[in-house]
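Engineer: Before I ask anything, here is the structure I am working with.
Nothing in this text is a laboratory measurement; each read-out follows from the coordinates by a stated rule. Just so it is clear, the structure is predicted and the values come from calculations on it, not from any experiment. Methodologically, a virtual Cβ is constructed for each residue, glycine included, from the backbone with ideal geometry; neighbour enumeration extends over all protein chains shown.
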Amino acid sequence: MLAANFLLLAAILFCIGVFGVIARRNAVMVLMSIELVLNSVNLNLIAFALMNDDVDGQVFALFVIAIAAAEVGVGLAMVLLIYRNRKSISLDELSELKG
Amino acid sequence: MTAVILAADGVNVAMNVGFGIIAAVMIYAALSVVSTKNVVHAALWLVLVLAGVAAQYILAAAEFVAVSQVMVYIGAVMVLFLFGIMLTRAQIGAEQGLNNKGWQLGIPVAVVLFGLLAFVVLDFTGTDTIEQLGLGGPTELTGVNNESTIEIADRVLFQYIAPFFGMTFVLLAAAIGAIVLARKD
């Protein structure tokens, strides 16, 4: 198969994730879109590991998986905190830091 | 796009077909994640995307990463997401106002970004093909191709031991931080 197949699929997933981050208002949906982006990066790393016949890419992918798990935990805790304080998780209503 | 995906170069047609089917399912599921009106449905579509990614890892001869993907993402992260959805939502069913007001702006951004990425990828790889699957052949001892898992363990515990310990501290800090943030007091 072509080496570009995995990379193009990862690019498509990345762009869909970026669209989700831009378009969504619900904070949980934005976190899901970020998961799409992180998974596309992992797919790229695995594809590079396959292309170079080296497992360094797989090791990096494992690191990314661990960091993504930590990110989701902290992110959802923050979303819960925002929901508890404001009874809403719409991101466009969070404007306290606006100057 | 499909022409590129299905461009069988005579090396491994089954791999191409499997890749195409899984990729189509993944793209449809990912589009559903960012376009559905129901938050719970979005989480379930995301499960399909993550499972597709795991299948692609197996196709790319990365079994250990595929199993890690299934355990960490589909097992742990999705449970976290479902808890997050159910703790922050009042209603079950379709919901209004999930998108921003100017959400259409995301479409040209995504399309332009994909054009740029596709140009770079095609410029970088050209007509390179992946001919040999797997890192090393089957071992004599077990007859199973588990060389890459052994190699991953070697790399993580020798060459990348310092980032590995750093990652453990990041996970510890994230767990403690999540507890501190979400705790009621």
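Engineer: Between residue B:184 and residue A:52, how high is the FRET efficiency from 1/(1 + (r/R0)^6) when r is the Cβ-Cβ distance and R₀ = 51 Å? Nearest 0.05.
Structural biologist: Efficiency computed from Cβ-Cβ geometry: 0.55.
Engineer: Something else: Among A:59, B:70, rank each residue by its count of other Cβ atoms within 10 Å, from fewest to most, as a rough exposure measure.
Structural biologist: So the ranking, lowest neighbour count to highest, is B:70, A:59.
Engineer: Find out how many positive minus negative residues lie around residue B:38, taking Lys and Arg as positive, Asp and Glu as negative, among other residues whose Cβ is under 14 Å from that of residue B:38.
Structural biologist: +2
Engineer: Okay, moving on. To make sure I understand, if each residue's beta carbon is the centre and we count other beta carbons within 10 Å, what order do A:87, A:98 fall in, fewest to most?
Structural biologist: A:98, A:87
Engineer: Now for a different question. Can you give me the distance in nm between label points at residue B:175 and residue B:107, each placed 7 Å from the Cα along the Cα-to-Cβ direction?
Structural biologist: 4.5 nm
Engineer: Would you please put B:61-68, A:64-71, B:119-126, A:35-42 in order of how densely packed they are, using the mean number of other Cβ atoms within 10 angstrom per residue and starting with the highest?
Structural biologist: Per-residue Cβ counts within 10 Å, averaged per peptide and sorted highest first, yield A:35-42, B:61-68, A:64-71, B:119-126.
Engineer: Go ahead and run the numbers for FRET between residue B:83 and residue B:14, Cβ-Cβ distance against an R0 of 30 Å, rounding to 0.05.
Structural biologist: 0.15
Engineer: Next up: When a footprinting reagent is the concern and you count Cβ atoms within 10 Å, what order do B:155, B:183 take, fewest first?
Structural biologist: B:183, B:155
Engineer: Tell me what chain A gives for mean residue ellipticity at 222 nm when only DSSP H runs of n ≥ 4 count, each as -39,500 (n - 2.57), the sum divided by the residue total, rounded to 500 deg cm²/dmol.
Structural biologist: -27500 deg cm²/dmol
Engineer: Right, another one. Which whole number gives the average count of other chain Cβ atoms within 10 Å of the Cβ atoms across peptide B:172-178?
Structural biologist: That average works out to 5.
Engineer: A follow-up question, please. Among B:43, A:50, A:36, which residue has its Cα furthest toward the positive end of the charge dipole of the protein assembly as shown, with +1 on Lys/Arg Cβ and -1 on Asp/Glu Cβ?
Structural biologist: My answer, from the dipole projection, is B:43.
Engineer: Can you pull the Kirkwood radius for the protein assembly as shown, inverse mean 1/r over Cα pairs, to one decimal in Å?
Structural biologist: In the protein assembly as shown this quantity evaluates to 20.1 Å.
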